[in-house]
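I have placed the structure first, in the form of structure tokens, so that the comments after it can refer back to it.
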Amino acid sequence: MFENLLVQGLSGLASASSLFLVASGLTVIFGVTRIVNFAHGSLYMMGAYLSWTLVTALPRGHLGFWGGVLVAALIVGVIGVLIEVLLLRRIYKAPELFQLLGTFGVVLIVQDVALMIWGPQDLLGPRAPGLRGAVEILGVRFPLYELFLIGVGPLVLGLLWLLFHRTRWGTTVRAATADREMVGALGVNQRMLFTTVFFLGSVLAGLGGALQLPRESVNLQMDLAIIAEAFVVVVIGGLGSLPGAFLAALLLGQLQAFGILIFPKITLVLAFLVMAVVLVVRPHGLLGRPPASAHAAHVVEPPYPPATPLVRYLGFAALALAVLVPPFMGEFALIVFTEIAIMVLFAASLHFIMGPGGMASFGHAAYFGLGAYGAALLAKHFAAPMELGLFAAPLMAGFAGVVFGWFCVRLSGVYAAMLTLAFAQIAWSTAFQWVEVTGGDNGILGVWPSAWAQPKLVYYYMALVLCVGVTLLLRRAIFAPFGYALRAGRDSPLRAEAIGMDGFRIRWVAFILAAIAAGIAGGSSPMPRAASSPPTWPFRAAWTRC
Amino acid sequence: MTIALPRRAALLGAAATLAAPAVHAQEGPIRIGEINSYSAQPAFLTPYRNAWMMAQDEVNAAGGINGRRIETVFRDDGGRPEDAVRHAGELVNNERVALLSGGFLSNVGLAVADFANQNRRLYVASEPLTDALVWARGNRFTFRLRPSTYMQCAMLVEEAAKLPARRWATVAPNYEYGQSAVRWFKELLTRAKPDVQFVAEQFPALGRIDAGATVQALAGANPEGIFNVTFGADLTNFVRQGSTRGLFERRSVVSLLTGEPEYLDPLGDEAPEGWIVTGYPWEELNTEGHTRFRENYRRRFNTHPRLGSVVAYDTVSAIVGMLRKSGGTETDAMINAMRGLTFPTAFGEAEVEFRAIDHQSTLGAYIGRTALRRGRGVMVDWRYADGRNYLPTDEVVRSLRPQG
């Protein structure tokens, strides 16, 4: 028994090392550039593919293998620099969600390029020379290569520590992590600094991928598989903190290794559960520090002006079109128009929380999904009519908004965004795993509108009234005193608190309102699509596409 | 909506539309709407689409169906049920297809089947393996070609019951396919051999297996037999860690789908030996029909067919046979033609029948052992397990499927 547990722990250490390599690059890049680099997983995948090509092409042996791995990591570094110069430089100042989308574009491009170059089939690389076999540890066999990996993690951590504490460049990077504006004011070339940091981060990602070669097959899914975990590690450890990333990687590796002994089915969500707990207890991660940017050049948006007459006319014209044209359209166009109406509301609710609310949400799709499930579950298990389902949708999403929001609105920036994501993942995997109630990944089928709403045109008008109506209510809320208070809290939290506004409560209510609106959008959607299944959750699909 | 653009879908769609002038008259071509996860599952579906085009060209070269050509409009669902349903609506309403086909993932198949039921259209599901498609959630409009999870489990249990192993462990991806495969395997094996014991089960998330820890957890329970349901990248990683750590030594392994070239080829010279698997021995299968199929495929695509190729070719054969029998594209006539339809399979084995009782075809699978030959994995000692022998009795089927 004991020897099994020991070896299980060693397996966890090996996974932790691989995870740390990727996460260290991500955290270094984030620390300096403050960019949420979704493409980091793609760099990892490129490292694996390139090293496969190099190692299989070069002569077998130590030089061929280790040389291939290192050269692959360096090439990935160059690719990273190209991405930084061509794309990221332009979006450093954009909101987090835009960075997420921009770098997600890179993910798609890299996937297609990899498919073109290496083909669809999984590739199995050769094993590492000299480390093919296994050793006996208390009578249990353990692969040599995994032992080697266990050593690589601390080694890289040590080298990075030396780099950051014993070189001038490293000192500048640490200074930039602590206070970017001050470093800029002192005359450090920020462009050069960002590009070199990106090179280092990319090399680490490439090395992480290349070192997986003897361990795992190289495939087109490995980018998205690693990125979610790497983000979790970075956030748990504290953004920008290398020792934190190391600690978090150890924690996650062990949790994974022992978790599957006790709960073999919840591996999917374990990491996110831990992240949620850590963020609730320590809002800046285990070893993270609150950003000390009191003097940061904060861009304050001008207040929203009321719509100009031109905008008003355009709005009415669009609405008139949406009302008058559909009777003359085909069935499929009606389905598309219905979806557009639903997406208008969903987008408006996301804008409500991110724009005036000033809170980045990566998990907003959860409320859409919960609304869809609320309506579909009621119909499935209690044979409730559609009308009741439409009523249940905002209730269910709103309830989740109350609970999740209470935790999320305490945090700010990327931490808040990651916590919303963690809650979304937890809700998603509940829907995914609670097969008896939710039908698991098969979803809930056979939910159709009531008889009167069966004709596609009638359903469209119903969705239009509901979605446009709620969208207008959200707009009303933005221009009401509540909306002004919300924006005051966003633009100048200290002054808002000083004049007696309860920032927490205002943001919490906004969070709940946005969740309810998203829930209404979700609740109107399962009917025409007839299938409410976990992958319906739009951002979830982007995260993993499973 | 989703940020992932249906990239290839647009291209495929455009290509198909260009190739086909929009003639919807009765005498125009018969159009099939084929929805599949082309971009999400390229390893299976690239050979699938190849063979589909080959079958379609052969039918059209031979004069089509009563003089009408057949034509396919391809759509990519990217592995997302809601996209599949949207495409289904577009295919039926805009492209005026006569019937729908395709589906790889079970949840996508079920979503399209539900759409077919609601919109009263014929849906010929080619690949999705879930039992629910023809049983618990079966409907009048849906037919399925591949042997289901239940059937393939029954084939493997037949062999597993002959083994001396009593202590079993299972490892399966954590979604419906993996869960129901494990459930059936346990149930059927316990029925065949009441003294078996299940000592461990692992459910890694699909595509995310932590292979080292999973292998160690299985080894820790010290089973005599292992039932494996993982495939693709999970399988590759599981095998590599398992062989290094000696998990498969002195243990019997029974494995679903591992004999399919899609999953066996990537393992190269590390393919496990002596596993009992279901699959497709494309190299040694020399029935007359299959030799012809294999050579035609090789001549056209310069590679050997995968199981996906057979699935696509048989799907087209079944649809063509059905259209010849129905004499038109009215949905009711097509459903009547599908029920009890017999058609030849690219395996070159006995004709396959679409059962009227549950709309499941009797296509079988090959069952054999894995071995290494010339540095890659192959199936040896294989035999064809005819699907009709691995289905429950009609009474049981009736109790499983909603009637009326």
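Restricting attention to segment A:212-231, and to residues there that are more than 10 Å from chain B (Cβ to nearest Cβ) and at pLDDT 90 or above, which single residue is nearest to A:Gly158 (Cα to Cα)? Outline the logic, then answer.
In the first step, residues of segment A:212-231 are kept if they are more than 10 Å from chain B (Cβ to nearest Cβ); the result is A:213, A:223, A:227, A:230-231.
Subset that is at pLDDT 90 or above: A:213, A:230.
On the way: A:Leu213: 23, A:Ala230: 20 Å.
For segment A:212-231, the residue satisfying everything is A:Ala230.
With respect to A:Leu239, determine if the residue is part of a loop (DSSP other than H, G, I, E, B), crowded, with 24+ Cβ neighbours inside 10 Å and aliphatic (A, V, I, L, M).
Yes; evaluated as a whole, the condition is true for this residue.
Among residues belonging to segment B:180-205 that are β-branched (Val, Ile, Thr) and part of a helix (DSSP H, G or I), point out the one that is most open to solvent (accessible area, probe 1.4 Å).
Kept after step one, since they are β-branched (Val, Ile, Thr), are these residues of segment B:180-205: B:182, B:190, B:196, B:199.
Checking the rest, the ones that are also part of a helix (DSSP H, G or I) come to B:182, B:190.
Numbers: B:Val182: 5, B:Thr190: 59 Å².
Of everything passing the filter in segment B:180-205, B:Thr190 is most open to solvent (accessible area, probe 1.4 Å).
Residue check, B:Glu127 against (1) more than 13 Å from chain A (Cβ to nearest Cβ); (2) touching a strand residue (DSSP E or B) at 6+ places or on another chain (Cβ under 6 Å), all met but one. Which one?
(2)
Only one of B:Arg146, B:Arg166, B:Arg240 is out of contact with any Phe, Trp or Tyr (no Cβ under 7 Å at 6 or more places or on another chain) and within 23 Å of A:Phe258 (Cβ to Cβ). Can you tell me which? Quick ask: steps written out before the conclusion?
Details: B:Arg146 fails: within 23 Å of A:Phe258 (Cβ to Cβ); B:Arg166 fails: within 23 Å of A:Phe258 (Cβ to Cβ).
Of the residues listed, the single one that is out of contact with any Phe, Trp or Tyr (no Cβ under 7 Å at 6 or more places or on another chain) and within 23 Å of A:Phe258 (Cβ to Cβ) is B:Arg240.
Is there any pair linking a residue in segment B:300-312 that is at positive phi and β-branched (Val, Ile, Thr) to one that is surrounded by fewer than 24 Cβ atoms within 10 Å (Cβ to Cβ) and modelled with pLDDT of 95 or more, with Cβ under 8 Å and at least six apart or on different chains, and which?
Every condition considered, no pair remains.
Among the residues of segment B:87-106 satisfying the criterion of being over 21 Å from A:Glu339 (Cα atoms) and among the polar types (S, T, N, Q), which is farthest from the other protein chains (Cβ to nearest Cβ)?
B:Ser101
Starting from segment B:189-206, take each residue that is over 19 Å from B:Tyr175 (Cβ atoms) and more than 8 Å from every other protein chain (Cβ to nearest Cβ) and list its partners that are of a type in the set (Gly, Ala, Ser) and buried (at least 18 other Cβ atoms within 10 Å of the Cβ), counting only C-beta distances under 7 angstrom and pairs at least six apart or across chains.
B:Leu189/B:Ala160; B:Val199/B:Ala169; B:Ala200/B:Ala169; B:Ala200/B:Ala217
Please count how many residues of segment B:248-268 are touching a residue at least 24 places away in the same chain (Cβ under 8 Å) and more than 9 Å from chain A (Cβ to nearest Cβ). Step through it out loud before you land on a result.
In the first step, residues of segment B:248-268 are kept if they are touching a residue at least 24 places away in the same chain (Cβ under 8 Å); the result is B:248, B:251-268.
Then drop every residue that is not more than 9 Å from chain A (Cβ to nearest Cβ), which leaves B:248, B:251-261, B:264.
Residues flagged as touching a residue at least 24 places away in the same chain (Cβ under 8 Å) and more than 9 Å from chain A (Cβ to nearest Cβ) within segment B:248-268 amount to 13.
Taking segment A:22-38, which residues are at pLDDT below 85 and open to solvent by 10 Å² or more (accessible area, probe 1.4 Å)?
The answer is A:Arg34, and nothing else.
Within segment A:300-348, track down each residue that is within 14 Å of chain B (Cβ to nearest Cβ), within 33 Å of the chain's Cα centre (by Cα) and not aliphatic (A, V, I, L, M).
Answer for segment A:300-348, where residues must be within 14 Å of chain B (Cβ to nearest Cβ), within 33 Å of the chain's Cα centre (by Cα) and not aliphatic (A, V, I, L, M): A:Phe332, A:Phe337, A:Thr338, A:Glu339, A:Phe346.
Hey, any hits in segment A:146-153 for a residue that's within 14 Å of chain B (Cβ to nearest Cβ), more than 30 Å from A:Leu5 (Cα to Cα), open to solvent by less than 30 Å² (accessible area, probe 1.4 Å) and of a type in the set (Asp, Glu)? Reasoning before the result, please.
At the first step, the residues of segment A:146-153 found to be within 14 Å of chain B (Cβ to nearest Cβ) are A:146-150.
In the following step, the residues that additionally are more than 30 Å from A:Leu5 (Cα to Cα) were identified as none.
No, that holds for no residue.
Taking segment A:400-451, which residues are of a type outside the set (Gly, Ala, Ser), buried (at least 22 other Cβ atoms within 10 Å of the Cβ), more than 22 Å from A:Leu388 (Cα to Cα) and within 13 Å of chain B (Cβ to nearest Cβ)?
A:Gln425, A:Trp428, A:Phe432, A:Asp441, A:Asn442
Quick check on segment B:327-376: of everything there that is closer than 18 Å to B:Tyr123 by Cβ, open to solvent by 30 Å² or more (accessible area, probe 1.4 Å) and of a type in the set (S, T, N, Q), which residue is modelled with the lowest pLDDT?
Only one residue fits best here, namely B:Thr329.
Mind telling me which of the residues A:Phe328, A:Phe352, A:Phe316, A:Phe391 ends up being aromatic (Phe, Trp, Tyr) and touching a residue at least 60 places away in the same chain (Cβ under 8 Å)? Spell out the reasoning first.
Details: A:Phe328 fails: touching a residue at least 60 places away in the same chain (Cβ under 8 Å); A:Phe316 fails: touching a residue at least 60 places away in the same chain (Cβ under 8 Å); A:Phe391 fails: touching a residue at least 60 places away in the same chain (Cβ under 8 Å).
Answer to the check: A:Phe352.
Based on this model, can you work out whether A:Gln454 counts as within 13 Å of chain B (Cβ to nearest Cβ), open to solvent by 10 Å² or more (accessible area, probe 1.4 Å) and touching a residue at least 24 places away in the same chain (Cβ under 8 Å)? Spell out how you get there, then give the answer.
Values: within 13 Å of chain B (Cβ to nearest Cβ): yes; open to solvent by 10 Å² or more (accessible area, probe 1.4 Å): yes; touching a residue at least 24 places away in the same chain (Cβ under 8 Å): no.
Judged against the criteria, A:Gln454 is not a match.
In segment A:315-331, which residues are part of a helix (DSSP H, G or I) and open to solvent by 30 Å² or more (accessible area, probe 1.4 Å)? Don't jump to the end; show me each part of the working.
Initially, segment A:315-331 is screened for residues part of a helix (DSSP H, G or I), giving A:315-324, A:326-328, A:331.
Listed by number, the residues that qualify are A:Gly315, A:Phe316, A:Ala317, A:Ala318, A:Leu319, A:Ala320, A:Leu321, A:Val323, A:Leu324, A:Pro327, A:Phe328, A:Glu331.
Can you list residue pairs whose Cβ atoms sit under 7 Å apart, with the first residue in segment A:12-26 being touching a residue at least 40 places away in the same chain (Cβ under 8 Å) and within 13 Å of A:Glu216 (Cβ to Cβ) and the second being among the acidic types (Asp, Glu) and not in a helix (DSSP H, G or I)? Count only pairs 6 or more apart in sequence or on different chains.
A:Ser15/B:Asp210
Which condition breaks for B:Asn60 when tested against (1) over 30 Å from A:Ile340 (Cβ atoms); (2) out of contact with any Gly (no Cβ under 8 Å at 6 or more places or on another chain); (3) modelled with pLDDT under 90?
(3)
In segment A:251-281, what residues are closer than 17 Å to A:Leu157 by Cβ and away from chain B (no Cβ under 14 Å)?
Scanning segment A:251-281 gives a single hit, A:Leu251.
Each row is one residue, and each column tells you yes or no for (1) in contact with a Lys or Arg (Cβ under 8 Å, 6 or more places away or on another chain); (2) of a type in the set (Asp, Glu); (3) under 19 Å from A:Ala477 (Cβ atoms).
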position: A:Thr338; (1), (2), (3): yes, no, no
position: A:Leu350; (1), (2), (3): no, no, yes
position: A:Ala372; (1), (2), (3): no, no, no
position: A:Ala383; (1), (2), (3): no, no, no
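In the set A:Gly187, A:Gly170, A:Gly125, which member is more than 14 Å from chain B (Cβ to nearest Cβ), under 28 Å from A:Leu82 (Cβ atoms) and not in a helix (DSSP H, G or I)?
Working: A:Gly170 fails: not in a helix (DSSP H, G or I); A:Gly125 fails: more than 14 Å from chain B (Cβ to nearest Cβ).
After applying the criteria, what remains is A:Gly187.
What are the residues in segment A:145-203 that are polar (S, T, N, Q) and either at pLDDT below 90 or more than 26 Å from the chain's Cα centre (by Cα) (or both), if any? Let's see the steps before the verdict.
The first filter runs over segment A:145-203 and keeps only residues polar (S, T, N, Q), leaving A:167, A:171-172, A:177, A:189-190, A:195-196, A:202.
Passing the criteria: A:Thr167, A:Thr171, A:Thr172, A:Thr177, A:Asn189, A:Gln190.
The values are calculated or read from the model by the stated rules, or taken from the named source; none is laboratory data. These figures come from a predicted structure and were not determined experimentally. Please note: Cβ atoms are built from the backbone with ideal geometry, for glycine as well, and neighbour counts cover all protein chains shown. To get the accessible areas, we keep the full protein, side chains included, count just its heavy atoms, and leave off ligands, DNA and RNA. Shrake-Rupley method; radii C 1.70, N 1.55, O 1.52, S 1.80 Å.
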